[in-house]
Amino acid sequence: MKFNLLDKSDSLEIRDKEDRMIFSSKGHWITPLLQARQILAGQDLSQCMLYDTKAGRAAACLAHSLGIRTVCIGLVSRWALDYYLSRGMTAYYDQVVDRLACRTEDLITAEMDDQSILALIESLNA
């Protein structure tokens, strides 16, 4: 069963509990999640579903910081999957890999907490 049900032109979508799209992006890396943080700031997203093409630990931390509780990912790193599950989130996915080939995934260490991860993301996006 395929869990990543994105529109083919989008890389990330956030849908409400009635499956209405409230955010979508064609962007790359974690840029769509950073955009969603700005646009959807202050909204209760706990009943929303996030669809993403791939997710590493940085993306997992950003999704959690948005208040998202359920994600559907095409390709997820083991670190990201462990992160989702340790935060009580529900994660559906098509494929798990040990690590994504991504600079951010390489920079995040197992010792980093959420605040450290978010600070790193912000510094890389500056």
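Please state, as a whole number in µm²/s, the translational diffusion coefficient that the Stokes-Einstein equation yields for segment 48-107 at 25 °C and 0.890 mPa s, with Rh defined as the Kirkwood radius across alpha carbon pairs.
Numbers: Rh = 11.0 Å.
It comes out at roughly 223 µm²/s.
Explain nothing, just the number: relative contact order of segment 12-125, from Cα pairs under 8 Å at least 6 residues apart, as a whole percent.
Details: 180 pairs, mean separation 23.7, N = 114.
Over segment 12-125, the number comes to 21 percent.
So how many Å³ per residue does the convex hull of the Cα atoms of segment 12-125 work out to?
Details: hull volume 10.9 nm³, N = 114.
Spelled out: Cα convex hull of segment 12-125, divided by residues, is 95 Å³.
Which ordering of Glu13, Glu18, Glu105 is given by a fewest-first count of other beta-carbon atoms within 10 Å?
The order, fewest Cβ neighbours first, is Glu18, Glu105, Glu13.
With +1 on each Lys and Arg Cβ and -1 on each Asp and Glu Cβ, and nothing else charged, work out how big the dipole of segment 3-107 is about its Cα centre, in Debye to the nearest 20.
Taking the Cα centre of segment 3-107 as origin, the dipole is about 180 debye.
Would you mind telling me the antiparallel percentage of the DSSP bridges in the chain, rounded to 5?
40
As a footprinting exposure proxy, order Trp79, Trp29 by other Cβ within 10 Å, with the fewest listed first.
Lowest to highest Cβ neighbour count: Trp29, Trp79.
Going by how many other beta carbons lie within 10 Å of each one, how would you line up Cys72, Cys61, fewest first?
Values: Cys72 22, Cys61 27.
Going from least to most buried by this count: Cys72, Cys61.
Here, each number is a calculation from the coordinates, and none is a lab measurement. Every value quoted in this text rests on a predicted model; they were computed, and no experiment measured them. Every residue, glycine among them, receives a Cβ derived from its backbone with ideal geometry; neighbour counts consider all protein chains shown.
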